[in-house]
Amino acid sequence: MLRRTLDDLTSADLAGRRALVRVDYNVPLGPDGGVADATRIEATLPTLRRLLEADAKPVLLSHLGRPRGAPRPDLSLAPVAPLLGRLLGVRVDFAGPADSQGALERSRTEAETVLLLENTRFLPGETRNDPDLAARFARLGDLFVNDAFGATHRAHASVVGITEHLRPAVAGLLVEAELAALGALRGDPRPPFVAAFGGAKIQDKIPLLESFLERADRVLIGGAMANTFLEAEGTDMGASLVEEEAVEIAADLLRRFGDRLSLPVDVVAADPSAPGAGRVVSARTVPADLAALDIGPVTVSAFCEAVREAGTFFWNGPMGWFENEAFAAGTVALAHAAAAATRGGAFTVIGGGDSASAVRGAGLMDGVSHVSTGGGAALEYLARGTLPGLEALDEA
Ligand code: ADP
Ligand code: MG
């Protein structure tokens, strides 16, 4: 899916113009209401710097959380403006609702450098892709840049509808980088091509899992996802988290792709109502009152060896309940194996919100080739090779 990008625009396209940029500032907020993790904000800096250098005026649209079409003070984007200003080193003004006359006027004044608008999902038409709202958004810019990779799988007014009213409509530098990294996995990955899946949501991930099972040399499965596969093999998983509705699908995938699919041979199990340290048990004999919460040491070394030998590695979903330190060993070890593979020349990509935060927690953000900011968008792009918000942009 080739789309025109910010790189394709000339300084004449940009100078003195209002660049309406859809960003993904759907950031986690701390208990004090401040931004708890600025990764998604930092990821947009290259696009914003490029626009400022070209003398364009960035006007930013984003959603935050799920306010369902009505204002919610705790989901305001106002706290992002000063933080973004510090990161960019220029003034960032918060301009309130995107459909207001005030915002329109401020988009047209020359004094302000960067303008940030209020949460697009405070407006009822956003998630319905309402054409009137899209037209009102479009009045705020002279051209459109989509740099909200994490929202590009959504057919929403600020992502898709807006492009009916505003051209050029191009991909920003973050979206371009995401497509380059994820696209390389879809293209002709250097063998051995190894993928690891974990986490909890097997049903959401079936199309993705299937597309990797069709193309990868080896697919490692850990985390709660493995429990469902082990159950499909006939093992009683005790008190483990198992997606009962997905057991049949797991059984089918095992029949079709069993030769390239690796499941845990041992797990760290604990009483889920009083999880202490946990103990290592065979993945075939999980005691009835215990839950498998991490992959065990024998599995860890087998999985890590496969990762270190990969030419290309993709990982989605933690290997266990990594938020609890007692069950994080498998996830942390896999992150280090990914970094080791990267140092050895492998191309390594992490996709998925929790997987990315596990890699960040291990201090390895710069140790792998690419950590997607995309979550669901990354998984959908990998499975389908396109996204609604990309199709809406100018063709390359
Ligand atoms: P991602 O966001 O990377 O796509 P998911 O959202 O699918 O990953 O899954 C992450 C969640 O799965 C984490 O909260 C993690 O604690 C949980 N998880 C992983 N393995 C287990 C397990 N064995 N038992 C319970 N929860 C698990
Ligand atoms: Mg998640």
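The values are calculated or read from the model by the stated rules, or taken from the named source; none is laboratory data. If you're wondering where the values come from, they're calculated on a predicted model, not measured in any experiment. Positions of Cβ are backbone-derived with ideal geometry, glycine not excepted, and every protein chain shown enters the neighbour counts. Surface accessibility is based on the protein's heavy atoms, side chains included, excluding ligands, DNA and RNA. Shrake-Rupley method; radii C 1.70, N 1.55, O 1.52, S 1.80 Å.
Just checking, does the range 281-294 include any residue being open to solvent by 10 Å² or more (accessible area, probe 1.4 Å), away from ligand 2 (no atom under 16 Å from the Cβ) and closer than 13 Å to Met319 by Cα?
yes
Got at least one residue in the range 297-305 being part of a loop (DSSP other than H, G, I, E, B) and in contact (Cβ under 8 Å) with a residue 24 or more places away in the chain? Quick ask: steps written out before the conclusion?
Quick first cut of the range 297-305, residues part of a loop (DSSP other than H, G, I, E, B) only: none.
No; the residues of the range 297-305 include none that is part of a loop (DSSP other than H, G, I, E, B) and in contact (Cβ under 8 Å) with a residue 24 or more places away in the chain.
Filter the range 237-264 down to the residues that are within 16 Å of ligand 1 (Cβ to nearest atom), touching a helix residue (DSSP H, G or I) at 6+ places or on another chain (Cβ under 9 Å) and not hydroxyl-bearing (Ser, Thr, Tyr) and list them by number.
Met237, Leu241, Val242, Glu243, Glu244, Glu245, Ala246, Val247, Ile249, Ala250, Leu263, Pro264
Take Ala337 and decide whether it is more than 16 Å from ligand 2 (Cβ to nearest atom) and of a type in the set (A, V, I, L, M, F, W, C). Talk me through it step by step, then tell me what you get.
Values: more than 16 Å from ligand 2 (Cβ to nearest atom): yes; of a type in the set (A, V, I, L, M, F, W, C): yes.
Yes: the conditions hold for Ala337.
Tally the residues that are open to solvent by less than 30 Å² (accessible area, probe 1.4 Å), without any contact (Cβ under 8 Å) to a residue 60 or more places away in the chain and more than 16 Å from ligand 1 (Cβ to nearest atom), restricting the search to the range 344-396.
Residues in the range 344-396 being open to solvent by less than 30 Å² (accessible area, probe 1.4 Å), without any contact (Cβ under 8 Å) to a residue 60 or more places away in the chain and more than 16 Å from ligand 1 (Cβ to nearest atom): 1 in total.
Which one is nearest to the chain's Cα centre (by Cα) among residues in the range 58-75 that are open to solvent by 10 Å² or more (accessible area, probe 1.4 Å) and aliphatic (A, V, I, L, M)?
Of everything passing the filter in the range 58-75, Leu75 is nearest to the chain's Cα centre (by Cα).
Answer yes if at least one residue in the range 313-326 is under 19 Å from Gly199 (Cα atoms), free of Cβ contacts under 8 Å to residues at least 12 places away in the same chain and in contact with a helix residue (DSSP H, G or I) (Cβ under 9 Å, 6 or more places away or on another chain), and no otherwise. Even if it seems obvious, please write down each step before you answer.
Just the residues of the range 313-326 that are under 19 Å from Gly199 (Cα atoms), to begin with: 313-326.
Narrowing further to those that are free of Cβ contacts under 8 Å to residues at least 12 places away in the same chain: 323, 325.
Then keep just the ones that are in contact with a helix residue (DSSP H, G or I) (Cβ under 9 Å, 6 or more places away or on another chain); that gives 323.
Yes, the conditions are met somewhere in the range 313-326.
Restricting the search to the range 200-234, which residues are over 24 Å from Asp188 (Cβ atoms) and more than 14 Å from ligand 1 (Cβ to nearest atom)?
Hits for the range 200-234 are Ala232, Glu233, Gly234.
How about the range 26-47: which of its residues are farther than 21 Å from Gly361 by Cβ and touching a strand residue (DSSP E or B) at 6+ places or on another chain (Cβ under 9 Å)?
Thr44, Thr47
Within the range 266-309, which residues are closer than 12 Å to Ala329 by Cβ and among the small types (Gly, Ala, Ser)?
Within the range 266-309, Ala277, Gly278, Gly296, Ser301 qualify.
Take residues that are free of Cβ contacts under 8 Å to residues at least 12 places away in the same chain and tell me which of the strands (runs of 3 or more DSSP E) falling wholly in the range 154-226 contain 3 or more.
Working: elements: 169-171, 193-197, 218-221.
In the range 154-226, there are no strands (runs of 3 or more DSSP E) which contain 3 or more residues that are free of Cβ contacts under 8 Å to residues at least 12 places away in the same chain.
Take the range 371-396 and flag every residue that is among the basic types (Lys, Arg) and in a loop (DSSP other than H, G, I, E, B). Before you say what the answer is, go through the steps one by one.
Applying the first criterion (among the basic types (Lys, Arg)) to the range 371-396 yields 384.
If the condition is that a residue be among the basic types (Lys, Arg) and in a loop (DSSP other than H, G, I, E, B), then no residue fits.
Restricting attention to the range 254-277, which residues are open to solvent by 70 Å² or more (accessible area, probe 1.4 Å) and touching a strand residue (DSSP E or B) at 6+ places or on another chain (Cβ under 9 Å)?
Val265, Ala277
Return yes or no: is Ala251 closer than 22 Å to Ile202 by Cβ, part of a helix (DSSP H, G or I) and within 26 Å of the chain's Cα centre (by Cα)? Reasoning before the result, please.
On the way: closer than 22 Å to Ile202 by Cβ: yes; part of a helix (DSSP H, G or I): yes; within 26 Å of the chain's Cα centre (by Cα): no.
Criteria not met by Ala251.
Examine the range 116-134 for a residue that is open to solvent by less than 10 Å² (accessible area, probe 1.4 Å) and assigned to a strand (DSSP E or B), and state whether such a residue exists.
From the range 116-134, those open to solvent by less than 10 Å² (accessible area, probe 1.4 Å) are 116-117, 119-120, 125-126, 133-134; that's our starting set.
Those still in the list that are assigned to a strand (DSSP E or B) too: 116.
Yes, because at least one residue in the range 116-134 is open to solvent by less than 10 Å² (accessible area, probe 1.4 Å) and assigned to a strand (DSSP E or B).
Quick check on the range 220-245: of everything there that is more than 16 Å from ligand 2 (Cβ to nearest atom) and of a type in the set (D, E, K, R), which residue is farthest from Leu290 (Cα to Cα)?
Residue satisfying both the conditions and the ranking: Glu245.
Being over 24 Å from Pro46 (Cα atoms) and assigned to a loop (DSSP other than H, G, I, E, B) is the filter here; which residues of the range 77-106 pass it? Outline the logic, then answer.
First, the residues of the range 77-106 that are over 24 Å from Pro46 (Cα atoms): 96-97, 99-105.
Answer for the range 77-106, where residues must be over 24 Å from Pro46 (Cα atoms) and assigned to a loop (DSSP other than H, G, I, E, B): Gly96, Pro97, Asp99, Ser100.
Scan (1) in contact with a Leu (Cβ under 8 Å, 6 or more places away or on another chain); (2) among the aliphatic types (A, V, I, L, M); (3) part of a loop (DSSP other than H, G, I, E, B) for the single condition Ala277 breaks and write down its number.
Of everything listed in (1) in contact with a Leu (Cβ under 8 Å, 6 or more places away or on another chain); (2) among the aliphatic types (A, V, I, L, M); (3) part of a loop (DSSP other than H, G, I, E, B), Ala277 misses just condition (1).
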